[in-house]
Structure formats: C-alpha cells, structure tokens
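Before any comments, here is the structure.
The values are calculated or read from the model by the stated rules, or taken from the named source; none is laboratory data. Please read all numbers here as calculations on a predicted model, not as lab measurements. Positions of Cβ are generated from backbone atoms using ideal geometry, with glycine treated the same way; all protein chains shown enter the neighbour counts. The area values use the complete protein model at the heavy-atom level, side chains included, leaving out ligands, DNA and RNA. Shrake-Rupley method; radii C 1.70, N 1.55, O 1.52, S 1.80 Å.
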Amino acid sequence: MFADTRHWRFASAAFETGRTPLLMGILNVTPDSFSDGGAFLDRDAAIAQGIALVDAGADILDVGGESTRPGSEPVPEVEQLRRIEPVIRELAARVRAPISIDTTNARVAAGALAAGAAIVNDISGLTFDADMPSVCRDAGAGVVCMHIQGTPRTMQLDPRYGDVVREVSDFLAARLDRLEEQGIPRERVVLDPGIGFGKTAEHNLELLSHVRDLRELGRPVLIGHSRKRFLAKVLGRPVDERTSGTLGVSIALAMQHADILRMHDVQATRDALIAWQAIAGRACDPGS
C-alpha cells in the first residue's frame, strides 16, 4: 500500500513521510488572503487558531504575514514582522508542532526563526531574495522550495508551459542542486510544485495527477491545494464552498503518496485520511 518513506530533518525536528500525508495547517495573519483574510489578523485570534489547528491534528503550522493570492502586492518587511513575530513567539512556547514562516523575504524569515519558527516556506524556491539561502543555512532551518512562474502580482496573467510536469520538475531538481551548493543539505528540503502559482486550472490538474513523478526527485512533496481557484472550474463553487472538493483532492493525493498537505480544514482532512486508510489498509491485506 505504501511507497518508500522519505525523511525530512532540520534543526528542531525530524519527520518520516510516505505513509499517510502529514498536515500543514494554514495560519494567515493577514487582512487579504484569498480564503480567510482578516479572520486571524488580531494577535490573540491568530494564537487561538494556531493552537486549534494543532489540536485538530496539524503536524506543522504555517504562519504568513503577507498574502500571495493572484494580483497581490508585496507587504513591507516591517509590517510582516509586526504581524507574525508575536504570534510565532507565543505559539512556539505553547505547541509542539514545528512552525513554518511563509515568506520570500530573508529578514522576515530571520525574524521568524529567531522568534521560534523552524521552517521557511518560500514560494519563490529561495530565488526572490538573494540572502534567503544563507539565512536558512545558518539557522539549520527546514525549507519548503516551491515553483512559481512570475510573481504573485503577475503569475496568473497568462501562464504557459510546453510540458508543465517536466518543467516544474526540472526547476525543482535544479533548485535542489543549487541549494545543496549553498550549504542546505537535501534532507532539509521539501519540494512544492506550486499549485495556483502561475498555472491554469488544467496545469494544476496535470500536476496533481503526477505526484509520483515529482517524488522521483527523491524528496518529500508538499501540495497546497486547499480551497484554491482550480476547484471553481472542477466544481463551479465559490471559495467558501470548496471544502468537500478539497477533501476529494486530498484523498487522490494520498493515493499517490503525497507527503505533506497544506490545509485550512485540518480536522476534516485528518478524519478523511484516517477513514481512507482504514479501508485502503484492509483492501491491500488479503488476510483481512
């Protein structure tokens, strides 16, 4: 039933992946994220939500102070830090799950790591800020290296590929090599194909159906599909009615041995995966 396991090791944690996907809970400390913008901008609300996500089964908390929705503009690093530092500091003292900082800015990453984060989730694959690789290297941080075409402001204007799976895979392979040259061992890196980041709905569906190909790069694969716009084409539903569709995609990804799922609805996803595994395990056991 299960693919080969992968290990993700960094300064403060070690994960074994390849069985039931790990869950990364999304905590947007922003006024304008596409799904829950403004809901957790207040510090106390953000801290309460972070604790609730871990209680619901999140293995990792991903905290961000800047929306990267299509068309969004950069947020100054001072404002990002104002939003996320007190939240990360409090959560690091109160939850066991490692905390990830979702940013492309090296100074924001450094501030978050100093406050207690252990992972840097960079949508640019550590390419937008030349100082980001050294910040991650020196802190011993875990790294989520993602593919994007363009920037959040421009990425959905007219994304084009000849072969989206091959081109994304080639980019991620090249980044793995380059990060290793910059002192970040492969065991600290997770790869993310960047669903919704410079891709049409068809590009996203093609990537989501080829997770096994991405895993051939030898590292855990993280997928961030929760409530995203491609589901509007599949379901014809607005963002607040995409939970069921998100769960359906999650099961399809689990069947391909996706390693980590980045989710808004952690408890629902955890329950769906447990139920799926209970049936799938019996189906694969001829003695059951």
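Tabulated values for the structure
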read-out	value
Residues of the range 45-65 satisfying the condition of being of a type outside the set (G, A, S) and out of contact with any Asp or Glu (no Cβ under 8 Å at 6 or more places or on another chain)	Q49, I51, L53, V54, D55, D59, I60, L61
Residue within the range 181-195 that is at pLDDT 95 or above, within 20 Å of T154 (Cβ to Cβ), open to solvent by 40 Å² or more (accessible area, probe 1.4 Å) and not basic (K, R) present	no
Which listed residue is under 21 Å from T269 (Cα atoms), without any contact (Cβ under 8 Å) to a residue 24 or more places away in the chain, assigned to a helix (DSSP H, G or I) and aliphatic (A, V, I, L, M), from L205, L231	L231
Meets criteria (modelled with pLDDT under 95 and on the phi < 0 side of the Ramachandran plot) for A254	no
Only listed residue being at pLDDT below 95 and not aromatic (F, W, Y), chosen from R262, R219, R242, R270	R242
Residue match in the range 38-56 (condition: modelled with pLDDT of 95 or more, assigned to a loop (DSSP other than H, G, I, E, B) and open to solvent by less than 40 Å² (accessible area, probe 1.4 Å))	yes
Residue list for the range 215-224, restricted to those being over 15 Å from the mean Cα position of the chain (by Cα) and crowded, with 16+ Cβ neighbours inside 10 Å	R215, L217
The range 43-91, residues that are among the polar types (S, T, N, Q) and closer than 30 Å to L273 by Cα	Q49, S67, T68
Search result, residues across the range 261-277 that are more than 18 Å from N28 (Cα to Cα) and within 17 Å of the chain's Cα centre (by Cα)	T269, R270
Members of the range 142-187 found to be more than 29 Å from F15 (Cα to Cα) and in contact (Cβ under 8 Å) with a residue 60 or more places away in the chain, listed by number	P152, R153, M155, Q156
